[in-house]
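Step one of this worksheet: look at the structure below.
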Amino acid sequence: MGGFFGVAAKSDCVADLFYGTDYHSHLGTRRGGMVVTHPQYGFKRNIHDITNSPFRTKFEDDLPKHRGNIGIGVISDSEDQPLLIAAHHGQYAIVTVGRIENLGELAAEALRQRKTHFSEMKGNEVNPTELVATLINQEENLVDGIRRVQDSIVGSCSLLLLTTDAIYAARDRFGRTPITLGRKEGAWAVSFESCAFPNLGYQAHRHLGPREIVRITPDGAEQMAAPGDRLQICSFLWVYYGYPASTYEGINVEDARNRCGAALARADQVDVDVVAGIPDSGIGCAVGYASAARLPYRRPFVKYTPTWPRSFMPQEQRVRDLVAKMKLIPVRAIINGNRLLFCEDSIVRGTQLRGIITRLFDYGAREIHMRPACPPLLHGCKFLNFSRSASDLDLAARKAIAELEGDPNVALDEYADPDSEQYQRMVEVIRGHVGLTSLRYQRLPDLVEAIGLPREKLCTYCWDGAER
C-alpha cells in the first residue's frame with residue numbers, strides 16, 4: 001500500500017510533517033520520504049530505505065536540515081518518493097498512493113509524443129509517480145493535469161502535489177483510498193490516515209470525495225474540482241490495513257472490526273473456551289466476537305512489537321514466514337488444554353497461518369477454530385498494491401479450487417457463493433491445508449453491514465470479482 005501526509009502552516013511545519021508521516025508506517029514497506037519548501041531556501045527533500053529500520057529512526061537526523069512552512073511526506077511500498085519536478089507549471093514535488101494497471105500503455109503513449117523521457121527507472125519499469133507527473137505536465141494547469149491523471153489511470157491514484165505556496169490534494173477517481181483534511185490554529189493538514197491528527201493537535205475537518213481536488217494553504221482548503229458521484233472505497237481498509245484509530249467516510253476502523261466479530265459470533269454455534277485475535281488486525285474482531293458470544297477474550301499469542309514489523313512487508317515468502325513466527329510469542333498457560341477460537345482479518349496464502357496453527361497444537365491446544373473477518377479471497381487486488389500475490393493462483397482459495405477442479409479458474413461465481421456445495425468443499429480443503437479444527441468465513445453481506453456503507457459504495461472485487 002502506502003500512505004501520505006501534508007502540512008501547510010503559518011510557522012515551521014517540519015515537526016508536524018515528520019510525526020504525521022510516521023503515523024503511516026504501518027502502510028509501507030520500502031521507502032520513506034519528506035520534502036518541505038521555504039521562500040528563501042526552496043525545496044529540501046530526503047528519501048530513505050525503511051526496509052529494515054523504522055521511518056522515524058531514518059529521518060530524525062534530517063530534521064535540522066529541513067526548514068519550511070509547507071511540506072508533504074510519504075511511506076511507499078515500492079518506488080522512491082517524493083519526486084521533484086521542473087515543468088511549465090514551475091517546480092513542484094509529488095507523492096502518490098495507488099496502483100496503475102495500465103502503466104506500460106500510458107508510458108508508451110507519452111514516449112510516442114517525443115516530448116518527454118523517464119529517468120526514475122527501476123529495472124525496466126517506469127516509476128509510477130514519475131508517470132503521474134508526466135501526465136500532469138501535458139496539461140496547461142495543475143488542476144487539468146490532475147484531472148488527466150484521474151481519467152487516464154486504470155487502477156487508482158491518490159496524490160499530494162507541493163508547490164512553492166500550496167499543497168494540491170486529489171483523491172483517486174472512485175475514492176478507493178481515503179484522504180482527510182485536518183485543521184488547527186495556524187495550520188491545515190491532509191492525511192491518508194485520520195489517526196495522524198489527534199496527537200498533533202489537529203481536528204478532522206472533512207473527507208475528500210472521490211475525484212475531488214483541493215488546494216491547501218496555511219489559511220484554508222479551497223475546492224478546485226468537485227467530487228464525482230461514484231464511490232468505491234476499498235473494504236480492506238476496515239478489514240486489515242487501516243489503523244484502528246482511523247475513520248473513513250465517518251466510520252471508525254475499530255468499531256467496524258468489533259461489528260465484524262459480533263456478526264461472526266451470531267452466525268456461529270461452536271463450543272470453545274477462549275476467544276482470541278491474531279495480532280494486530282484480528283484483535284478488534286475477536287473483542288467483538290467475545291462480547292457477542294459472552295466468552296472470555298484472552299491472548300494466547302503476544303506480539304513482540306519493539307523490532308518485528310508486520311509480516312506482509314518483506315517481499316520474499318521465506319522472510320515473511322520468519323517474521324510471522326518471530327513476532328508472535330506463545331503463552332502456554334492460556335493455550336494448553338483449551339479449545340481456542342481465533343479471529344483473523346483474512347486468509348491470503350495460508351502459509352503463515354499454517355505455521356501458527358502447528359505451534360498452537362505443539363503448545364497443547366485441544367482444538368483450534370478460525371473465523372476470518374471477510375470471505376475467501378478469490379481475486380488478487382488490481383486497484384491497490386495490497387492483497388495481491390505474484391499470481392491469483394497463490395491465493396489459498398484458488399489453490400483449493402485447483403485441487404478440486406484441476407483448474408483454478410473455473411466456476412468462480414459458484415465458489416464465491418457461501419450456500420453452494422462448491423464453496424463448502426473449497427473451505428474444507430483450506431481448513432485441511434491450514435490444519436484447523438474448523439473454519440468458517442464471514443459472509444459478504446455481514447461484512448458490508450459491519451462496515452456500515454451501502455454495498456455499491458464499497459469495492460468488494462477481491463471476494464466476488466465485481467467491478468461496479
- Applying the selection to the range 82-125, what residues are within 20 Å of His48 (Cβ to Cβ), in contact (Cβ under 8 Å) with a residue 60 or more places away in the chain and touching a Lys or Arg at 6+ places or on another chain (Cβ under 7 Å)? Pro82, Ala93
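Select, from Arg211, Arg215, Arg206, the only residue that is assigned by TED's automatic domain parsing to the domain that holds Arg147, assigned to a loop (DSSP other than H, G, I, E, B) and either touching a residue at least 24 places away in the same chain (Cβ under 8 Å) or aliphatic (A, V, I, L, M) (or both).
Arg211
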- So which helices (runs of 4 or more DSSP H) stay within the range 245-349 end to end and still have 1 or more residues that are of a type in the set (Gly, Ala, Ser) and at pLDDT below 90? 281-293, 317-326
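Per-residue answers, yes or no, for (1) part of a strand (DSSP E or B); (2) among the small types (Gly, Ala, Ser); (3) in the same structural domain as Ser158 (by TED's automatic domain parsing); (4) touching an Asp or Glu at 6+ places or on another chain (Cβ under 9 Å):
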{"position": "Ala8", "(1), (2), (3), (4)": "yes, yes, yes, yes"}
{"position": "Asp12", "(1), (2), (3), (4)": "no, no, yes, no"}
{"position": "Thr37", "(1), (2), (3), (4)": "yes, no, yes, yes"}
{"position": "His48", "(1), (2), (3), (4)": "yes, no, yes, yes"}
{"position": "Asn52", "(1), (2), (3), (4)": "no, no, yes, no"}
{"position": "Lys58", "(1), (2), (3), (4)": "no, no, yes, yes"}
{"position": "Leu63", "(1), (2), (3), (4)": "no, no, yes, no"}
{"position": "Ala86", "(1), (2), (3), (4)": "yes, yes, yes, no"}
{"position": "Thr116", "(1), (2), (3), (4)": "no, no, yes, no"}
- Message: Please count how many residues of the range 266-283 are within 17 Å of Cys374 (Cα to Cα) and surrounded by fewer than 23 Cβ atoms within 10 Å (Cβ to Cβ).
- Response: 6
- Task: With the condition kept exactly as written, say whether any residue in the range 347-361 is in contact (Cβ under 8 Å) with a residue 60 or more places away in the chain and within 19 Å of Trp238 (Cβ to Cβ).
- Result: yes
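Just to be sure, is Gly73 among the small types (Gly, Ala, Ser) and either surrounded by fewer than 24 Cβ atoms within 10 Å (Cβ to Cβ) or not assigned by TED's automatic domain parsing to the domain that holds Glu130 (or both)?
No.
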- Query: Among the residues of the range 20-57, how many are crowded, with 16+ Cβ neighbours inside 10 Å and either in contact (Cβ under 8 Å) with a residue 24 or more places away in the chain or among the small types (Gly, Ala, Ser) (or both)?
  - Reply: 25
- Residues of the range 32-46 being out of contact with any Cys (no Cβ under 7 Å at 6 or more places or on another chain) and at pLDDT 90 or above, in sequence order, are Gly32, Gly33, Met34, Val35, Thr37, His38, Gly42, Phe43, Lys44, Arg45, Asn46
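Here is a yes/no grid of residues against (1) out of contact with any Phe, Trp or Tyr (no Cβ under 7 Å at 6 or more places or on another chain); (2) crowded, with 23+ Cβ neighbours inside 10 Å; (3) in contact (Cβ under 8 Å) with a residue 60 or more places away in the chain:
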{"residue": "Thr129", "(1), (2), (3)": "yes, yes, no"}
{"residue": "Ile146", "(1), (2), (3)": "no, yes, yes"}
{"residue": "Gly155", "(1), (2), (3)": "no, no, yes"}
{"residue": "Leu159", "(1), (2), (3)": "yes, yes, yes"}
{"residue": "Ile179", "(1), (2), (3)": "no, yes, no"}
{"residue": "Lys184", "(1), (2), (3)": "no, no, no"}
- Query: Conditions: (1) touching a Leu at 6+ places or on another chain (Cβ under 8 Å); (2) surrounded by fewer than 17 Cβ atoms within 10 Å (Cβ to Cβ); (3) touching a residue at least 60 places away in the same chain (Cβ under 8 Å). Ala402 meets all but one. Number of the miss?
  - Reply: (3)
- All conditions in (1) more than 19 Å from Asp446 (Cα to Cα); (2) out of contact with any Gly (no Cβ under 9 Å at 6 or more places or on another chain); (3) among the β-branched types (Val, Ile, Thr) are true of Val239 except (1)
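The values are calculated or read from the model by the stated rules, or taken from the named source; none is laboratory data. This is a predicted model, so every value here is computed, not measured. So basically every Cβ, Gly included, is an ideal-geometry build from the backbone, and we count neighbours across all protein chains shown.
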